[in-house]
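Participant: Here it is, the structure in full.
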Amino acid sequence: MSFDLLNDDIKRLVERAFDDAVRYRRQFHANPELGYQEFKTSAAISTYLEELGYEVQTGLAGTGVVGVLRGTQEKPVIAFRSDMDALPILEKTNAAFASQNENVMHACGHDMHMGTLLGAAKALSLIKDQIPAKIKLIFQPAEEMLCGGRKMVEDGALKNPDVDFIYGFHVWPDLPLGTIGFKGGPIMASMDTFQVTLKGRSGHGAQPHQGIDAIIGGAQILTALQSIVSRNTDPLDSVVITVGTFTAGDGFNIIPETAQFNGTIRTLSKETRNRVENDFRRIVNGIASAMALEAEISFSSDYPVTINSFEHAEHAGNLAAELFGEKAVEHLEIPSMGSEDFAYYLENVPGSFMFLGVKDDQGGAYKLHNDHFLPEEEAMKYGMSLYIALALNPYSN
Ligand SMILES: [Zn+2]
Ligand SMILES: [Zn+2]
């Protein structure tokens with residue numbers, strides 16, 4: 001896929017900033033840091049943004065960085081967001097810039113997100129007298145499971161100046177390099193996690209009537225939980241309930257006193273999410289009680305549904321079509337059941353989360369969180385271009 005279709009001015013700008021985008025992407029890839037420990041990453045970002053003339057604020061959510069660039073107008077304030085954290089994975093790519101931190105890897109592409117946003121930061125700093133808006137760049141820690149986005153919002157990332165709308169990307173190996181995926185409404189699912197402990201009474205395997213078997217009760221609960229999906233949920237809605245662990249027992253002839261299981265729930269709306277939590281509690285408590293077991297439920301509501309504004313998704317899609325042609329625009333019909341803490345920003349301000357295609361026949365062919373995942377940097381040009389176009393053409397209704 002060539003890059004020839006790009007609007008000329010933006011293309012020139014991207015070419016001027018691309019070397020820096022690549023340099024930072026590789027630097028971060030080689031030096032990955034886990035959630036809330038992105039100290040070197042965060043320091044490099046704030047130093048660079050200051051060099052580019054941004055007003056920089058650090059320390060949000062610990063390692064978060066916010067940079068503000070004043071264009072020609074106070075309003076609107078447009079935010080662009082990147083995450084910064086890596087994963088506890090042993091890298092198996094043979095990249096020259098492979099991870100130097102053992103068992104830590106940028107396997108979710110957050111290095112690409114930072115490279116793209118820093119490249120755009122440079123390009124925007126070169127044309128700030130042409131931007132009819134104020135631009136706010138948000139670099140957040142701990143997207144992977146640790147709710148860094150929620151902390152950023154709590155620490156005021158969307159305030160002062162108050163953000164009017166927000167955009168962000170995730171690299172997406174299901175879409176080809178040279179395309180961007182857009183969708184109004186829900187684009188990624190909510191994520192809740194649960195942990196349940198069942199308590200019965202231990203006993204001899206040959207005298208079951210003298211014990212209370214936590215395995216038999218647990219097995220019935222696990223089976224019944226799937227009826228939330230198959231019987232309680234509208235067939236045209238979507239819910240996932242996955243029990244990822246079930247542990248019980250110490251020996252073949254012992255009735256175990258306890259059993260534990262944990263797992264995750266994904267939904268696509270707030271209403272469904274609340275209803276599924278109620279169903280979950282009722283089934284666990286009800287069957288446990290019927291089987292004379294005590295149940296202890298620990299339930300954590302982690303990420304909300306990521307819900308794009310239809311208007312902002314369409315606006316961004318139209319700009320992408322102008323920049324790269326219609327064939328680069330993927331209108332996504334269905335959301336991903338994965339989750340993303342960009343949802344927290346979208347609970348407060350409208351905007352759009354978008355999927356940046358990276359699928360190729362090499363490192364971009366692997367899936368997110370795979371130890372070989374290594375997308376091509378060419379994809380960053382598409383993200384940088386769209387950030388620039390979004391800054392130059394603020395959405396208005
Ligand atoms: Zn991830
Ligand atoms: Zn990610």
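The values are calculated or read from the model by the stated rules, or taken from the named source; none is laboratory data. Note that the structure is a prediction, hence the values are computed from the model and not measured. Cβ placement follows ideal geometry from the backbone for every residue including glycine, while neighbour counts extend to all protein chains displayed. With ligands, DNA and RNA removed, areas are computed over all heavy atoms of the protein, side chains included. Shrake-Rupley method; radii C 1.70, N 1.55, O 1.52, S 1.80 Å.
Participant: For M337, which of the numbered conditions (1) closer than 18 Å to H110 by Cα; (2) within 16 Å of ligand 2 (Cβ to nearest atom) fails to hold?
Facilitator: In the conditions (1) closer than 18 Å to H110 by Cα; (2) within 16 Å of ligand 2 (Cβ to nearest atom), M337 misses (1) alone.
Participant: Have a look at K151, K136 and point out the one that is more than 17 Å from the chain's Cα centre (by Cα) and either more than 16 Å from ligand 2 (Cβ to nearest atom) or outside the structural domain of A43 (by TED's automatic domain parsing) (or both).
Facilitator: K136
Participant: Evaluate the following for F182: is it among the hydrophobic types (A, V, I, L, M, F, W, C), more than 21 Å from A142 (Cα to Cα), under 16 Å from the mean Cα position of the chain (by Cα) and crowded, with 17+ Cβ neighbours inside 10 Å?
Facilitator: Answer is yes for this residue.
Participant: Follow-up question, since we're still on this one. Which residues, taken from the range 95-106, are within 16 Å of ligand 2 (Cβ to nearest atom) and out of contact with any Ser or Thr (no Cβ under 9 Å at 6 or more places or on another chain)?
Facilitator: V104, the sole residue that qualifies.
Participant: Then there's this: Taking the condition in contact (Cβ under 8 Å) with a residue 60 or more places away in the chain, within 16 Å of ligand 2 (Cβ to nearest atom), open to solvent by less than 10 Å² (accessible area, probe 1.4 Å) and touching a Lys or Arg at 6+ places or on another chain (Cβ under 7 Å), does D111 pass?
Facilitator: So D111 passes the test.
Participant: Can you name the number of the only condition in (1) over 30 Å from Q362 (Cα atoms); (2) in contact (Cβ under 8 Å) with a residue 40 or more places away in the chain; (3) open to solvent by 30 Å² or more (accessible area, probe 1.4 Å) that M145 fails?
Facilitator: Result: M145 fails condition (1) only.
Participant: Which is in contact with a His (Cβ under 9 Å, 6 or more places away or on another chain), open to solvent by less than 40 Å² (accessible area, probe 1.4 Å) and either on the phi < 0 side of the Ramachandran plot or not assigned by TED's automatic domain parsing to the domain that holds Q207 (or both), of I241, I265, I255?
Facilitator: I255
Participant: Continuing with the same structure: If F28 satisfies all but one of (1) in contact (Cβ under 8 Å) with a residue 60 or more places away in the chain; (2) not in a helix (DSSP H, G or I), what's the number of the condition it fails?
Facilitator: Answer for F28: the failing condition is (2).
Participant: Is it fair to say R231 is in a helix (DSSP H, G or I) and surrounded by fewer than 17 Cβ atoms within 10 Å (Cβ to Cβ)?
Facilitator: Judged against the criteria, R231 is a match.
Participant: Here are some residues: E322, E296, E314. Which one is part of a strand (DSSP E or B) and open to solvent by 80 Å² or more (accessible area, probe 1.4 Å)?
Facilitator: None of the others qualify; the one that does is E296.
Participant: Go through (1) crowded, with 24+ Cβ neighbours inside 10 Å; (2) touching a residue at least 60 places away in the same chain (Cβ under 8 Å); (3) under 25 Å from K151 (Cα atoms) and name the single condition I89 misses.
Facilitator: (1)
Participant: Would you mind stating whether E333 is away from ligand 1 (no atom under 15 Å from the Cβ), charged (D, E, K, R) and more than 21 Å from N7 (Cα to Cα)?
Facilitator: Yes, satisfied.
Participant: I'd like to check something: does the range 355-367 contain any residue that is away from ligand 2 (no atom under 16 Å from the Cβ), touching a strand residue (DSSP E or B) at 6+ places or on another chain (Cβ under 8 Å) and more than 30 Å from A95 (Cβ to Cβ)?
Facilitator: no
Participant: Still on this model: From the residues in the range 16-46 that are acidic (D, E) and over 20 Å from the mean Cα position of the chain (by Cα), which one is most open to solvent (accessible area, probe 1.4 Å)?
Facilitator: Filtering the range 16-46 for residues that are acidic (D, E) and over 20 Å from the mean Cα position of the chain (by Cα), the one most open to solvent (accessible area, probe 1.4 Å) comes out as D19.
Participant: Does I131 satisfy the criteria of being open to solvent by 10 Å² or more (accessible area, probe 1.4 Å) and away from ligand 2 (no atom under 15 Å from the Cβ)?
Facilitator: Judged against the criteria, I131 is not a match.
Participant: Of (1) of a type outside the set (D, E); (2) under 24 Å from E333 (Cβ atoms); (3) open to solvent by less than 40 Å² (accessible area, probe 1.4 Å), A224 satisfies all except one. Which?
Facilitator: (2)
Participant: Since A248 meets every condition but one in (1) open to solvent by 70 Å² or more (accessible area, probe 1.4 Å); (2) modelled with pLDDT of 95 or more, which condition does it not meet?
Facilitator: It fails just one condition, (1).
Participant: So, in the range 351-367, of the ones that are away from ligand 1 (no atom under 14 Å from the Cβ) and more than 17 Å from the chain's Cα centre (by Cα), which residue ends up most open to solvent (accessible area, probe 1.4 Å)?
Facilitator: Step by step, filter the range 351-367, then rank; the result is D361.
Participant: Which of the residues that make up the range 368-397 are outside any helix (DSSP H, G or I), surrounded by fewer than 24 Cβ atoms within 10 Å (Cβ to Cβ) and away from ligand 2 (no atom under 14 Å from the Cβ)?
Facilitator: D371, H372, E376, E377, N393, P394, Y395, S396, N397
Participant: Whether any residue in the range 330-340 is within 24 Å of A86 (Cβ to Cβ), out of contact with any Phe, Trp or Tyr (no Cβ under 9 Å at 6 or more places or on another chain), in contact (Cβ under 8 Å) with a residue 24 or more places away in the chain and not hydroxyl-bearing (S, T, Y) is what I want to check.
Facilitator: yes
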